[in-house]
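The values are calculated or read from the model by the stated rules, or taken from the named source; none is laboratory data. Keep in mind that what you see is a predicted model, and the values were worked out from it rather than measured. Note that each Cβ is placed from the backbone with ideal geometry, even for glycine, and that neighbours are counted across all protein chains shown. In case anyone asks, the SASA skips ligands and DNA or RNA and just uses the protein heavy atoms, side chains included. Shrake-Rupley method; radii C 1.70, N 1.55, O 1.52, S 1.80 Å.
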Amino acid sequence: MLRQALLLASHNQTLTRLVTTAPGVGALVGRFAAGETTSDAVAATRDLVAVGREVSLDHLGEDTLDREQADATRGAYVSLLRALADEGLAAHAEVSVKLSAVGQALPGDGPKIATENAHAICAAAHDAGTTVTLDMEDHTTTDLTLGTLATLRSDYPDTGGVLQAYLHRTEGDCRDLAYEGSRIRLCKGAYNEPESVAIQPRHDVDLAYVRCLEVLMAGSGYPMLATHDPRLIALGTDLATRRGRTPDSYEFQMLYGVRPSAQQALVSQGATMRVYVPYGSEWYGYLVRRMAERPANLLLGARALVGL
Ligand SMILES: Cc1cc2nc3c(=O)[nH]c(=O)nc-3n(C[C@H](O)[C@H](O)[C@H](O)COP(=O)(O)OP(=O)(O)OC[C@H]3O[C@@H](n4cnc5c(N)ncnc54)[C@H](O)[C@@H]3O)c2cc1C
């Protein structure tokens, strides 16, 4: 119930205004996001790369209904990618893009505009010597996002996609996308989805994650295991060993600020560990989803709002 209420709140405009202007919230944001500017993002990347971690940068913002904002987001990614190349960091840092941030939901031509913007970001990533992964949003956009992924892959085959284990359809999508060179991030799924499309009990989502992971690990693609769940991480390591995979043929991914010691432990074991680093000023929806995932984060949020 609490998780659902929080996920609904992630789209509420009044709450957005209330929370984003509250004093004390800055420290909480700082724990889960790298800052607001390109330089902040580059600095966080430098620090993470220095301790052996790979990075995926997310310019915060989603659900835009404003063409100028969608184009500005494309511009922000292009500038970021140039900065990463200039700093010699692009070999260790890719970008994650939400199609709704680059125009997917605009009336009329939204999907076409989003595809063009994403294509421009892929071109900039290619020039910089790195890649793009398309984040996955709520289930109403799954087909559109997978269709855009296929379009982008015709020019940029290394473009990554994301599948969410909680959707009933995902095991089949894993089978379709476990082909040579296909970079697929597997996560549990972060949105408030109805029973008709998504598994509800959390334990059953975990079991679905395992089934999907088995398919991806058995295939010839490049699985990216996005989870903080210690049991799934152990199982992923075990499956990779059993399938004879080397550490450069799959990777683990975690969010910036979440379980940093577990991130470093994986690096010490020789695993490839990528940290998803959000930056930018539009942090509200991202932060509320993190609180929905973990009651302890909600407590941090409540403390920040009342200034404790
Ligand atoms: C790199 C990355 C990219 C992602 N991309 C997407 C995407 O494109 N689309 C999408 O729908 N979802 C995405 N997600 C979110 C994902 O779907 C889950 O909502 C989120 O990762 C929590 O699930 P979990 O697998 O960590 O397991 P959970 O069952 O939520 O957590 C397992 C354990 O991990 C720890 N933990 C989990 N979350 C937190 C937290 N926020 N703070 C502190 N500890 C925590 C706790 O110890 C918890 O017991 C992404 C997640 C990651 C890591």
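Observations
- Some residue of segment 155-178 being buried (at least 19 other Cβ atoms within 10 Å of the Cβ) and more than 16 Å from the ligand (Cβ to nearest atom): yes
- Residue within segment 205-225 that is more than 14 Å from the ligand (Cβ to nearest atom), in contact (Cβ under 8 Å) with a residue 12 or more places away in the chain, outside any helix (DSSP H, G or I) and within 21 Å of the chain's Cα centre (by Cα) present: yes
- Which numbered condition residue 179 fails, given (1) in a helix (DSSP H, G or I); (2) more than 18 Å from the chain's Cα centre (by Cα); (3) among the aromatic types (Phe, Trp, Tyr): (1)
- Yes/no for residue 131 being of a type in the set (Val, Ile, Thr), away from the ligand (no atom under 15 Å from the Cβ) and more than 30 Å from residue 202 (Cα to Cα): no
- If the condition is being over 16 Å from the mean Cα position of the chain (by Cα) and within 16 Å of the ligand (Cβ to nearest atom), then segment 264-273 contributes 264, 265, 266, 267, 271, 272.
- Some residue of segment 186-197 being open to solvent by 20 Å² or more (accessible area, probe 1.4 Å) and touching a Cys at 6+ places or on another chain (Cβ under 9 Å): no
- Within segment 42-58, considering residues that are more than 14 Å from the ligand (Cβ to nearest atom) and not aliphatic (A, V, I, L, M), the one nearest to residue 284 (Cα to Cα): 45
- Of the strands (runs of 3 or more DSSP E) lying entirely inside segment 39-154, those containing at least 1 residues that are open to solvent by 20 Å² or more (accessible area, probe 1.4 Å) and modelled with pLDDT of 95 or more are 54-59.
- Filter result for residue 189 (more than 11 Å from the ligand (Cβ to nearest atom) and over 23 Å from residue 78 (Cβ atoms)): no
- Filtering segment 185-217 to residues that are within 16 Å of residue 251 (Cα to Cα) and of a type in the set (A, V, I, L, M, F, W, C) leaves 186, 187, 210, 212, 213, 215, 216, 217.
- Scanning segment 39-59 for residues that are touching a Phe, Trp or Tyr at 6+ places or on another chain (Cβ under 8 Å) and more than 27 Å from residue 250 (Cβ to Cβ) yields one hit, 40.
- Residue count for segment 267-289, restricted to those that are crowded, with 21+ Cβ neighbours inside 10 Å, part of a helix (DSSP H, G or I) and either at pLDDT 95 or above or touching a strand residue (DSSP E or B) at 6+ places or on another chain (Cβ under 7 Å) (or both): 1
- Unmet criterion (only one of (1) of a type outside the set (A, V, I, L, M); (2) touching a helix residue (DSSP H, G or I) at 6+ places or on another chain (Cβ under 7 Å); (3) farther than 21 Å from residue 290 by Cβ; (4) in contact (Cβ under 8 Å) with a residue 40 or more places away in the chain) for residue 159: (4)
- When segment 229-266 is filtered for residues that are of a type in the set (Gly, Ala, Ser) and at pLDDT below 95, only 257 remains.
- Test: residue in segment 232-255 that is touching a helix residue (DSSP H, G or I) at 6+ places or on another chain (Cβ under 8 Å), within 7 Å of the ligand (Cβ to nearest atom) and in a helix (DSSP H, G or I): yes
- Residues in segment 290-303 that are closer than 25 Å to residue 45 by Cβ and at pLDDT below 65: 300 alone.
- Just one of the listed residues (207, 213, 235) is open to solvent by 70 Å² or more (accessible area, probe 1.4 Å) and of a type outside the set (Lys, Arg), namely 207.
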